[in-house]
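Here is the structure we will look at.
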Amino acid sequence: MTRTVPFLARMQDDERAAWMEALPAALAAAGLADVAVHPLDRLDTDARQAARVAIVANPEPADLLELPNLVWVQSLWAGVERLLSELPPSALQIVRMTDPQMAETMAEAVLAWTLYLHRDMPRYRAQQRARVWHELPLRLPSQRRIGLLGLGTLGRAAARRLIANGFAVAGWSRTPADVAGVDCHHGPSGLVAVLERADIAVALLPLTAETRGLLDKTRMALLPRGAAVINFARGPILDTDALRDLLDSGHLSHAVLDVFEHEPLPADDPLWAHPQITVLPHISAPTTPQTAAKIAADNLAAFFATGAIPQAVDRARGY
């Protein structure tokens, strides 16, 4: 008898097709050839009633209420903020995707865009538009201090890449952390200490009640004059109006933004046209279907065999 696992996702057609190819292959490799993955809109009432686990990727949270007997959901994304904030309190457990490849992909992005700022690419691009031939002073990576906000799996992987490329790295976390080669700080005073000395501040934090609005005007103003910001975390963590003010005043030099409060970023948003802002379409660490599908399939295999559910999100903490 075939068991059905609902698939709820908001994504582009080509991305959906990649997952619908990767997931069945991974399930078969995990010994679950009798498990079929189908979009919610293709399931009848009986299939919806029978579903105990679903695979999701940025779904509309309300759609999960059409599966009344769900025990848990396997997210294909690391971010599950909407599920936490919009689903009613229940026994439903939410499992984030924790793919080692995602951490390495994010670390690569942090290094790439740190180098973009470190080697003054935005200024050289502006000089090209103005047809100006002028060599800017070169600083060594050891002379550029990177402030990592968030020292979880993503932050630690990013720190390793940055240190391997010669950058001085300081890091901040909510609670004490010990990361090799990183000047670690925690708590409110630790955040001030990291920001006051960061030439480039990189946000890699989950969105929680504590981190929403964390990078406001007061805190971003702590950054040294000429510093830059990279937000690879979540849009609501950073106050974009305050960011524009600090860029326009000359206090900050540039910002690389990959995440926004509203995505896709509306075409009429002023961030698109700001000369000191680089806008990216949420591409810093996309989930890789081949590796993430295997993790999801292994989790489902354990659940169907023993009833074991992977470590779920702590709703109180938000991650």
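Residues in the stretch 247-275 that are among the aliphatic types (A, V, I, L, M) and within 22 Å of MET106 (Cβ to Cβ): ALA255, VAL256, LEU257, VAL259, LEU265, LEU271. Of the residues making up the stretch 94-142, those that are without any contact (Cβ under 8 Å) to a residue 12 or more places away in the chain and in contact with a Pro (Cβ under 8 Å, 6 or more places away or on another chain) number 0. Checked against (1) in the same structural domain as ARG144 (by the TED database); (2) part of a loop (DSSP other than H, G, I, E, B); (3) surrounded by 15 or more Cβ atoms within 10 Å (Cβ to Cβ), ALA255 meets all criteria but (2).
Of all residues in the stretch 212-223, those that are in the same structural domain as VAL202 (by the TED database) and among the aliphatic types (A, V, I, L, M) have Cβ atoms under 6 Å from Cβ atoms of residues that are modelled with pLDDT of 95 or more and open to solvent by 80 Å² or more (accessible area, probe 1.4 Å), 6 or more apart or on another chain, in LEU222/GLU196.
With (1) outside the structural domain of THR291 (by the TED database); (2) in contact with a Lys or Arg (Cβ under 6 Å, 6 or more places away or on another chain) as the list, and GLY181 as the residue in question, which single condition is left unmet? Result: GLY181 passes all but (2).
Residues in the stretch 295-319 that are more than 12 Å from MET97 (Cβ to Cβ), assigned to a loop (DSSP other than H, G, I, E, B), hydrophobic (A, V, I, L, M, F, W, C) and in contact with a helix residue (DSSP H, G or I) (Cβ under 9 Å, 6 or more places away or on another chain): ALA308, ILE309. Figure legend. Inter-residue proximity from the stretch 271-293: first residues more than 19 Å from TYR116 (Cα to Cα) and touching a residue at least 60 places away in the same chain (Cβ under 8 Å), second residues assigned to a helix (DSSP H, G or I) and open to solvent by 30 Å² or more (accessible area, probe 1.4 Å), beta-carbon distance below 6 Å, spacing 6+ or different chains. Indicated pairs: THR288/GLN101; PRO289/ALA18; THR291/GLN101.
Among the residues of the stretch 112-139, those that are within 16 Å of GLY226 (Cα to Cα) and surrounded by fewer than 10 Cβ atoms within 10 Å (Cβ to Cβ) comprise PRO137, LEU138. For the stretch 231-252, which positions are open to solvent by 50 Å² or more (accessible area, probe 1.4 Å) and part of a helix (DSSP H, G or I)? Listed by number, the residues that qualify are ASP241, ARG244, ASP245, ASP248. Candidates are the residues of the stretch 268-294 that are open to solvent by less than 40 Å² (accessible area, probe 1.4 Å) and assigned to a helix (DSSP H, G or I); the one that is farthest from GLN12 (Cα to Cα) is LEU271. Answer with yes or no whether VAL194 is assigned to a strand (DSSP E or B), touching a residue at least 40 places away in the same chain (Cβ under 8 Å), buried (at least 20 other Cβ atoms within 10 Å of the Cβ) and not hydroxyl-bearing (Ser, Thr, Tyr). Criteria not met by VAL194.
When you scan the stretch 95-105, do you find a residue that is in contact with a Gly (Cβ under 7 Å, 6 or more places away or on another chain) and crowded, with 21+ Cβ neighbours inside 10 Å, even just one? Within the stretch 95-105, not a single residue is in contact with a Gly (Cβ under 7 Å, 6 or more places away or on another chain) and crowded, with 21+ Cβ neighbours inside 10 Å.
Of the residues making up the stretch 197-230, those that are open to solvent by less than 40 Å² (accessible area, probe 1.4 Å) and either among the hydroxyl-bearing types (Ser, Thr, Tyr) or assigned to a helix (DSSP H, G or I) (or both) are THR208, THR211, MET220.
Could you tell me whether any residue of the stretch 152-164 is part of a loop (DSSP other than H, G, I, E, B), closer than 30 Å to LEU83 by Cα, assigned by the TED database to the domain that holds SER253 and in contact (Cβ under 8 Å) with a residue 12 or more places away in the chain? Yes, the conditions are met somewhere in the stretch 152-164.
Of all residues in the stretch 27-75, those satisfying the criterion of being closer than 16 Å to PHE303 by Cβ, open to solvent by less than 20 Å² (accessible area, probe 1.4 Å) and not in a strand (DSSP E or B) are LEU27, LEU32, ALA51, LEU67.
The values are calculated or read from the model by the stated rules, or taken from the named source; none is laboratory data. None of the values given here were measured: they were computed from a predicted structure. Using ideal geometry, Cβ is built from the backbone for each residue, glycine included, and neighbour counts are taken over all protein chains shown. Note: accessible area is taken over every heavy atom of the protein model, side chains too, but ligands, DNA and RNA are not part of it. Shrake-Rupley method; radii C 1.70, N 1.55, O 1.52, S 1.80 Å.
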